[in-house]
Structures are given as C-alpha cells and as structure tokens.
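Every read-out reported here was derived from the displayed coordinates using simple, explicitly stated rules and does not represent laboratory data. What you see is a predicted model, and the numbers here were worked out from it, not measured in a lab. FYI the Cβ positions are ideal-geometry reconstructions off the backbone, even for glycines, and counts take in every protein chain you see.
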Amino acid sequence: MTICEPVCESGQSLNENGGNEVTRLIINGGKPLRGEIAANGAKNAALPIMAACILAPGKVKLNRIPDISDVRIMGEILRQMGAEVCFDGKGSVVIDTTNLSETKAPYRLVKKLNASFDITGALLGRHGDASVPLPGGCVIGTRAIDMHLEGFKSLGCVIGQEPGGFVSVKANKLSGGRYHFAKTSVGATKNVMMAAVLAKGKTILENVAREPEVVDLADFLNACGANITGQGTTKLEIHGVKELHADFEYSIIPDRIETGTYLTAAAITGGDITVSGTNPEFLKTFLRKIGKAGQKVTTGNDFIRVEGMKPILPVGAIITEPHPGFPTDLQPQTLTLLSLSNGTSYVREKIFDMRFNYINELRRMGANVEIEGGTAVVRGVSRLLSAPVDAPDIRAGSALVLAALAAEGVSEVSGLCYIDRGYEKIEDRFASVGADIRRVP
Ligand code: EPU
C-alpha cells in the first residue's frame with residue numbers, strides 16, 4: 001500500500017497517469033450470497049488511534065488496520081506533520097511521531113476527512129497548540145464542533161479563528177476540568193479525552209459517547225500509559241499523567257458497520273453469510289432488528305451468521321441513536337433491506353440531518369419510500385430493479401451496492417471514492433461469497 005495515493009473528489013479518482021476517470025461497480029444481481037467474510041479493523045477506531053499516536057512520541061505498531069482511503073489520508077496527514085508512517089501492506093502500520101513538530105494541520109488533506117478534526121485533541125495534548133481547518137458541510141449533515149471547543153475550554157484552552165478557515169486552540173498549560181456534553185458526540189468525546197490525558201489533574205467528562213470505537217481509543221491511550229476509567233459508560237474520569245510512551249503493538253477492534261453491511265447482504269439476497277473475527281456484542285440492537293425482519297441470526301464469541309429468510313418482514317420502527325441504540329451507520333443498509341419486506345416500516349434518523357440522501361437513488365431502483373416529517377416510510381415491494389445509481393456517501397453507497405446485489409439484472413454503482421473510504425476492496429469481498437461484481441473504469 002502506498003501512503004501518498006491520490007484520493008478522488010466528487011466521484012472521480014486519479015488514474016496512474018494523472019487523468020480523471022469515473023470508476024464504478026458493475027453488479028449482476030439476484031444471486032444468493034453464501035460464505036464467510038473475515039471482519040476488518042474498524043475505520044472509526046483506526047482513525048482516532050492513528051491520531052492519538054501524536055501523544056506518544058516513539059514507534060507504535062497498529063495491527064488490523066483496514067486498507068481504505070480514509071486511513072491512507074490520515075497516514076499522509078501525520079506524515080506531512082513530521083511523523084514517519086509505514087504501512088506494510090498486510091494490515092499493519094508503524095507510526096513514529098518522535099519528530100512531529102508541526103501544529104498546523106495540512107488543509108488539503110484535512111478537508112477530505114471529517115475525522116481529521118480529531119487530531120486537534122492530540123496536538124493540544126502534545127504541544128498545547130493546534131491549528132486545524134474548520135470542518136465544512138458534509139453530505140450526511142452539519143458537522144458541528146461546538147462541543148469539541150467547549151470541552152477544550154473546560155481544560156483551560158483559548159479558542160480563536162485564523163485566516164484561511166482555521167480554528168486555533170491554545171493552552172499554556174492544560175489543566176483538568178469538568179464538562180457535560182449537551183448531546184452525545186463520538187468525535188467530541190474522543191477529542192476532549194485525548195486532550196485531557198496529559199492535562200494536569202483530574203478531568204470528568206459526562207454524557208460521553210459509549211461507542212466501541214471510543215472505548216478502543218481509551219484502551220489504546222491506557223496502553224500508552226494514560227489513566228482513563230469509565231470507558232463504555234456515560235462518564236469518563238481521566239487522571240492526567242506526565243507523558244505517554246510508545247514502543248508497543250496494538251490491534252484495532254473489528255468493524256461493526258462493515259460486519260453489519262455484509263450480514264445485511266445475506267438477508268437481502270436470501271443467502272447465508274458468516275462474518276468471522278467480529279464482536280456480536282457491538283451489534284446487539286442491529287441484530288435484534290434483523291431477527292425481527294424474519295432473518296435467522298446465530299452468534300458465537302467472535303462470529304455472526306445470518307441466513308436469509310423469505311419473506312423479509314417489516315420491523316415497525318427503527319430510530320437511530322447513539323450506542324447502544326441503533327447505529328446511524330447501518331440505517332441506509334437496513335432501510336434498503338426493509339424496502340423488500342412484505343409490509344411497512346418506519347425509519348427515523350436522529351443523528352444526522354441529511355442521511356436520507358440516497359433515497360432518490362433507491363426509488364429509481366423501484367423502492368417505495370417516502371419521507372414524512374423526518375421519518376422514512378418504507379412500504380415493501382416484491383423486487384428491486386437494476387439501474388445506474390450514484391453513491392452519495394460511504395454507508396449510503398454500500399446500501400446501493402446491497403440493492404444492486406438484490407436486484408435482478410445489471411446495475412452500475414458509481415461514487416466509489418466514497419465507498420472506498422470505508423470498505424476495503426468491497427468488490428473482492430462480495431465476489432468471495434458468490435457475487436457477480438466487478439470494478440471498471
Ligand atoms: N454534533 C454537534 N456538536 C458537536 C459535535 C457533534 O452538534 O460539537 C452533532 C453532529 O452535527 C451530529 C451529531 O452531533 O449531528 C453526532 O455527531 P458525532 O460527533 O457523534 O459524529 P462524528 O464523530 O462526526 C462519528 C463517525 C460517523 C458516525 C457518527 C455517529 C467517525 C470518524 N465518524 O462521526 O461515522 O456516523 O460518529 O455514530 O468516527 C461513517 O463511518 O460513515 C460515519 C459517518
């Protein structure tokens with residue numbers, strides 16, 4: 001894997017010669033998918049943990065790193081700020097931040113990655129100073145940062161805005177504080193936690209996010225010598241330490257969203273897929289709904305199997321909520337499954353305001369979905385039709401791939417640069433369980 005690979009914008013990628021080409025997936029659907037897929041490491045744990053390496057000068061080897069474009073961009077951001085970043089092409093990366101001295105994040109790369117604002121907390125902890133581009137709007141909704149900044153202020157930081165759309169966060173000396181998040185935020189919890197680990201004294205953070213990826217970040221920081229307790233609950237207690245240390249290996253947790261996507265493929269195609277090396281505990285609410293949809297779910301310590309059953313049943317209501325509620329990142333895939341049920345389901349998106357951005361594309365494939373007062377009313381149809389469709393973001397993109405896998409005939413899914421941000425070689429993974437799918441320029 002190269003770490004400087006060009007990354008696409010607006011649905012396009014740069015080919016080897018520097019030219020633009022629109023890549024797409026050609027999917028001949030209607031085949032039941034059967035087999036086993038091994039889960040990759042979680043994107044949303046890998047990204048902040050890579051950023052957290054800034055806090056621990058020295059070499060850290062991270063295992064189970066997914067080969068996705070977001071991870072490559074985070075690697076490149078760290079490299080441009082002075083770190084050594086070496087991907088081995090076999091799922092590991094060695095990051096050495098000994099010589100990372102830059103406090104200003106590179107604009108062009110950071111703007112490609114919503115998660116890159118997460119480096120602010122790590123830069124603050126390391127240097128007491130961070131200058132990071134304000135995140136812009138995003139295709140799934142507003143990406144507000146008010147609680148990130150309020151949380152930093154509670155640790156003694158001063159916030160300013162610099163020319164060029166940068167926010168500056170500075171602290172002569174970070175000191176422990178207390179902050180209650182008005183609403184649960186994964187990114188703000190991670191960011192303030194990273195800033196607090198090297199602050200002087202005790203920090204209490206309340207109403208924090210309980211996502212497994214937040215817990216994984218806390219566990220990683222503790223492995224570096226931090227003193228964090230309460231991860232996985234709504235309250236974190238962080239006792240500041242003088243320094244963090246590196247020179248160890250750490251394995252990222254399995255990706256629950258990737259797992260859920262592949263399991264939904266079994267249900268929607270009437271197939272039978274086992275995802276191995278995953279953690280069923282992370283997906284309890286989602287699996288309950290899949291069971292309610294009439295699908296046979298079997299779990300073991302580290303695997304989940306879904307046997308697709310007909311008919312797919314309506315499930316009443318799904319409301320996306322912070323963990324352990326129903327994950328917003330599995331909303332598009334699940335709604336797509338329900339579009340083939342034999343009744344009506346209601347899907348309410350409470351986390352992001354624009355996450356029904358794919359419904360028009362799904363309608364073009366024959367789905368009967370209407371948005372009424374912020375709720376998607378999904379009236380099941382007996383079949384989806386093949387069509388050319390465009391992925392508007394990562395999860396919506398994977399949902400459209402699921403729709404194409406279920407639809408009779410040949411569909412084309414473009415907007416792959418989004419899907420590639422979160423799914424490693426999605427076409428190879430689906431082909432390995434029997435899909436007729438290929439990537440073409
Ligand atoms: N919010 C605020 N103020 C803040 C921070 C957030 O109002 O200061 C709002 C956001 O605008 C949003 C909601 O709170 O409406 C939730 O945002 P959160 O901070 O929890 O999300 P995030 O950290 O931006 C992460 C994941 C998303 C995932 C959400 C929710 C990463 C890199 N991203 O985003 O993942 O959907 O948590 O679980 O961890 C994806 O992987 O495709 C993806 C979008």
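Tabulated results
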quantity	calculated
FRET efficiency, E412 to T142 (Cβ-Cβ, R0 41 Å, nearest 0.05)	0.85
Cα gyration tensor shape for the chain, rounded if a/c is under 1.5, else prolate or oblate	prolate
For region 342-441: rounded, prolate or oblate by the Cα gyration tensor [a/c cutoff 1.5]	oblate
Point-to-point label distance, K153-I319, nm (Cα→Cβ direction, 7 Å offset)	3.0 nm
Two-site FRET efficiency, K284 against N172, from Cβ-Cβ distance with R₀ of 45 Å, rounded to 0.05	0.50
Stretchable slack from D88 to L134, in nm (0.36 nm times residue separation minus alpha-carbon distance)	13.4 nm
3J(HN,Hα) from dihedral phi, region 287-302, Karplus parametrisation 6.51/-1.76/1.60, rounded to Hz, x for glycine, proline	5, 4, 5, 5, x, 5, 7, x, 8, 8, 10, 10, 10, x, 3, 9
Rough spin-label spacing in nm, given labels placed 7 Å along Cα→Cβ, for K200 and E372	6.0 nm
Karplus 3J(HN,Hα) series, Hz, for region 411-422 with 6.51 cos²θ - 1.76 cosθ + 1.60 (x for Gly, Pro)	10, 10, 10, 10, x, 5, 4, 6, 4, 5, 5, x
Long-range HN-HN contacts of K296 with modeled amide H, under 5 Å	E307, M309
Theoretical ellipticity at 222 nm over the chain - DSSP helices of four or more residues, -39500 (n - 2.57) apiece, nearest 500	-8500 deg cm²/dmol
Relative packing of peptides 221-227, 65-71 - highest average C-beta neighbours within 10 Å first	65-71, 221-227
Part-to-part distance (alpha-carbon centres) for region 318-383 and region 267-302, which is given in Å	19 Å
Neighbour cut-off at most 14 other Cβ (10 Å), DSSP loop, trypsin sites (Lys or Arg not before Pro), region 215-307	K242
5 angstrom amide H check on G409, placed H, neighbours 5+ away	G29
Residue list for region 249-276, given a label point 7 angstrom along the Cα-to-Cβ vector of R34 and an amide N cut-off under 11 Å	271-273
Theoretical FRET efficiency, 1/(1+(r/R0)^6), r = Cβ-Cβ of R348 and N99, R0 45 Å, to 0.05	0.40
Cα gyration tensor category, rounded, prolate or oblate, for region 312-373 with a/c compared to 1.5	oblate
